[in-house]
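Working notes, beginning with the structure itself.
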Amino acid sequence: QSALTQPPSASGSPGQSVTISCTGTSSDVGNYNYVSWYQQHPGKAPKVMIYDVNKRPSGIPDRFSGSKSGNTASLTVTGLQAEDEADYYCCSYGGRDNYLFGTGTKVTVL
Amino acid sequence: EVQLVESGGGLVQSGGSLRLSCAASGFSFSRYKMIWVRQAPGKGLEWVSFIDSSGKRIFYADSVRGRFTISRDNAKNSLYLQMNSLRAEDTAVYHCAREDDDNGGFHFDNWGQGTLVTVSS
């Protein structure tokens with residue numbers, strides 16, 4: 001049960017785009033379309049931004065999108081805004097009702 | 001409004017025990033699967049345990065299996081985590097979260113703010 005691999009940091013200027021990768025294995029990310037992404041501001045609870053690889057919960061702006069290719073999932077944020085500065089975690093179902101989170105990526109809006 | 005409120009955290013010595021609670025309100029608790037997730041200081045999220053809506057299907061992360069026990073009381077709208085044989089590496093904020101079964105599950109749409117567990121060695 002190793003954590004999924006994410007880059008430690010990503011950044012972009014307001015209005016630009018940033019893409020965060022999340023690499024797992026053929027047993028988790030590559031085997032299930034159950035990848036979700038969570039945004040966490042300091043001291044706050046995580047908030048789901050994307051689920052089932054590319055679905056957005058109601059209320060999440062369409063600036064957030066998700067995709068997957070093989071064992072790697074990605075979260076893209078377009079039109080970066082100051083409030084997007086946060087930590088982002090991917091999560092994949094790993095079978096037998098267990099889940100793996102990513103190592104986390106700190107997104108900085110320059 | 002869905003609310004999840006954790007309690008029971010605190011300072012405990014290595015080898016000790018704690019029981020965390022998660023009080024749910026604003027939804028039909030008995031219909032939803034639940035999980036515990038922890039976050040060590042300055043670190044990332046780690047899935048700890050899963051329990052289905054009936055309490056019959058339960059799974060644990062390797063790091064806590066045999067030491068932690070998840071349970072629920074649907075009559076009291078409450079989720080629990082009994083933590084025994086605590087180690088320094090169990091120090092973390094523990095969050096409970098609801099699986100979004102209304103949208104197919106396999107992701108978590110509501111989270112508590114968490115309760116801090118500190119294990120001193």
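The values are calculated or read from the model by the stated rules, or taken from the named source; none is laboratory data. These numbers were taken from a predicted model, which means no experiment stands behind them. Note that each Cβ is placed from the backbone with ideal geometry, even for glycine, and that neighbours are counted across all protein chains shown.
Could you please let me know if B:Val64 is among the hydrophobic types (A, V, I, L, M, F, W, C), within 13 Å of another protein chain (Cβ to nearest Cβ) and not in a strand (DSSP E or B)? Yes: the conditions hold for B:Val64. If you check A:Ile20, A:Ile50 for being over 19 Å from B:Gly104 (Cα atoms), among the aliphatic types (A, V, I, L, M) and in contact (Cβ under 8 Å) with a residue 24 or more places away in the chain, only one passes: A:Ile20. Scoring B:Trp36 on the criteria (1) under 12 Å from B:Glu99 (Cα atoms); (2) touching an Asp or Glu at 6+ places or on another chain (Cβ under 8 Å) leaves a single failure, condition (2). Every residue in the stretch A:53-106 that is of a type in the set (Val, Ile, Thr), away from every other protein chain (no Cβ under 11 Å) and either in a strand (DSSP E or B) or crowded, with 20+ Cβ neighbours inside 10 Å (or both), please. Listed by number, the residues that qualify are A:Thr72, A:Thr76, A:Val77. Taking each residue of the stretch B:34-63 that is on the phi > 0 side of the Ramachandran plot and looking for partners that are surrounded by 16 or more Cβ atoms within 10 Å (Cβ to Cβ) and assigned to a strand (DSSP E or B) with beta-carbon atoms closer than 9 Å, six or more apart or interchain, yields B:Gly55/B:Ile70; B:Gly55/B:Arg72.
Whenever a residue of the stretch B:87-106 is surrounded by fewer than 21 Cβ atoms within 10 Å (Cβ to Cβ) and at pLDDT below 95, its partners that are of a type in the set (Phe, Trp, Tyr) and not in a strand (DSSP E or B), lying with C-beta atoms within less than 6 angstrom and at least six residues away or across chains, give the pairs B:Asp101/B:Tyr32.
Filtering A:Thr76, A:Thr103 for residues that are among the β-branched types (Val, Ile, Thr) and within 25 Å of B:Leu116 (Cα to Cα) leaves a single hit, A:Thr103.
Give the residue that is farthest from B:Gly112 (Cα to Cα), with candidates limited to residues of the stretch B:39-58 that are at the interface with chain A (Cβ under 9 Å from one of its Cβ atoms) and surrounded by fewer than 17 Cβ atoms within 10 Å (Cβ to Cβ). Result: B:Arg57.
Checking each residue in the stretch B:90-121 for being out of contact with any Ser or Thr (no Cβ under 8 Å at 6 or more places or on another chain) and away from chain A (no Cβ under 14 Å) picks out only B:Asp90.
Could you identify the single residue in B:Ser21, B:Ser71, B:Ser30 that is more than 10 Å from every other protein chain (Cβ to nearest Cβ), part of a helix (DSSP H, G or I) and of a type outside the set (Asp, Glu)? Let's see the steps before the verdict.
Numbers: B:Ser21 fails: part of a helix (DSSP H, G or I); B:Ser71 fails: part of a helix (DSSP H, G or I).
Exactly one residue qualifies, and that residue is B:Ser30.
When the stretch A:29-47 is filtered for residues that are surrounded by 23 or more Cβ atoms within 10 Å (Cβ to Cβ), more than 8 Å from chain B (Cβ to nearest Cβ) and either in contact with a Leu (Cβ under 6 Å, 6 or more places away or on another chain) or not aliphatic (A, V, I, L, M) (or both), only A:Trp37 remains.
Only one of the listed residues (B:Val117, B:Val12, B:Val48) is farther than 24 Å from A:Lys44 by Cβ, of a type outside the set (Ser, Thr, Tyr) and not in a loop (DSSP other than H, G, I, E, B). That residue is B:Val12.
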